[in-house]
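Only one structure is covered here, and it is reproduced in the block below.
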Amino acid sequence: MDPHGGVVTLSREEGEMGEKLFVGNLSFGTSDQDLRELFSTVGTCVSATVLMDRATGKSRGFGFVEMSSADEAHRAISRLNDHELQGRRISVSEARERSAPGLPRAPGPARSFGPDLPSSRPRFRKEGGSRRGLRGRKRSL
């Protein structure tokens, strides 16, 4: 926290965020090398990564590319946004800073799934079990 009450996020240097690009709508067959080759046609591609699902090992359909300068990054956005790659029109935009871990993504009340939640079912009576059980017992008397 800073002295003014705001939250300080640790991030990269101010001018550096424009170098990292988000690439969406990728074909599931697109590899890191395919992205690197495409973005190298526009400028110097420092890194290219297609994100994979941890459980299945398959592509998640998006990735990140880092260009060597902010100027090259803006050129890549203007030339490659809506460009066709492996039969799909990719979307290229500036990558946004991730929210800090542990903070809720959407504003609103925190959800808890612990024992403090009221039950959605009606409670049974202390003696006699369910209502049906009580009715059944009354009929038999």
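The values are calculated or read from the model by the stated rules, or taken from the named source; none is laboratory data. Bear in mind the structure is a predicted one, so any value in this text is a computation, not a measurement. Note that we place each Cβ from the backbone using ideal geometry, even for glycine, and neighbour counts take in every protein chain shown.
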Exercise for review: Could you grab me the full set of residues in the stretch 37-60 that are closer than 13 Å to Leu80 by Cβ and either touching a residue at least 60 places away in the same chain (Cβ under 8 Å) or out of contact with any Leu (no Cβ under 9 Å at 6 or more places or on another chain) (or both)?
Suggested key: Glu37, Ser40, Gly43
Exercise for review: Working only within the stretch 20-36, note down all residues that are of a type in the set (Phe, Trp, Tyr) and either closer than 24 Å to Glu97 by Cβ or in contact (Cβ under 8 Å) with a residue 60 or more places away in the chain (or both).
Suggested key: Phe22
Point to revise | Enumerated helices (runs of 4 or more DSSP H) restricted to the stretch 31-141, each holding at least 3 residues that are loosely packed, with under 10 Cβ neighbours inside 10 Å and either over 21 Å from the mean Cα position of the chain (by Cα) or modelled with pLDDT of 95 or more (or both) | key: 131-140
